[in-house]
1. Which of [x] 30, 13, 9; [y] 23, 17, 8; [z] 24, 12, 9 is the computed semi-axes √(5λ) of the Cα gyration tensor in Å for the structure on display?
2. Given points 7 Å out from each Cα along the Cα-Cβ axis, report the residue 58 to residue 10 separation in nanometres with one decimal.
3. Which angle between 0 and 90 degrees, to the nearest 10, do you get for helix 8-20 versus the longest principal axis of the chain when only C-alpha atoms count?
4. Calculate for the chain the 222 nm mean residue ellipticity that helices alone would give, adding -39,500 (n - 2.57) per DSSP H run of length 4 or more and normalising by residue count, nearest 500 deg cm²/dmol.
5. May I ask you to derive the relative contact order of the chain, considering only C-alpha pairs under 8 Å and at least 6 residues apart, and to give it as an integer percent?
């Protein structure tokens with residue numbers, strides 16, 4: 001939430017748009033006190049890769 005490059009509001013707007021379009025598997029976690037290099041903390045999140053590997057494009 002301390003990103004000075006990409007304001008958190010932009011990410012929240014994207015997540016809201018995905019949900020409004022029917023996206024049901026989107027997950028969003030605010031990493032308190034983390035700046036722009038949030039991916040280091042995000043990639044260390046337990047269960048992230050397991051969750052990502054379960055995602056599939058709906059072919060219907």
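No value in this document is a laboratory result; all are computed from the given coordinates. All figures in this text were calculated on a predicted structure; none of them were measured in a lab. Cβ atoms come from the backbone with ideal geometry, glycine included; neighbour counts cover every protein chain shown.
1. Step by step, semi-axes √(5λ) of the Cα gyration tensor in Å for this structure corresponds to label [y].
2. 2.8 nm
3. On a 0 to 90 degree scale, this one is about 10.
4. Here the helix-only value at 222 nm equals -12000 deg cm²/dmol.
5. Averaging sequence separation for qualifying contacts and normalising by length gives 38 percent for the chain.
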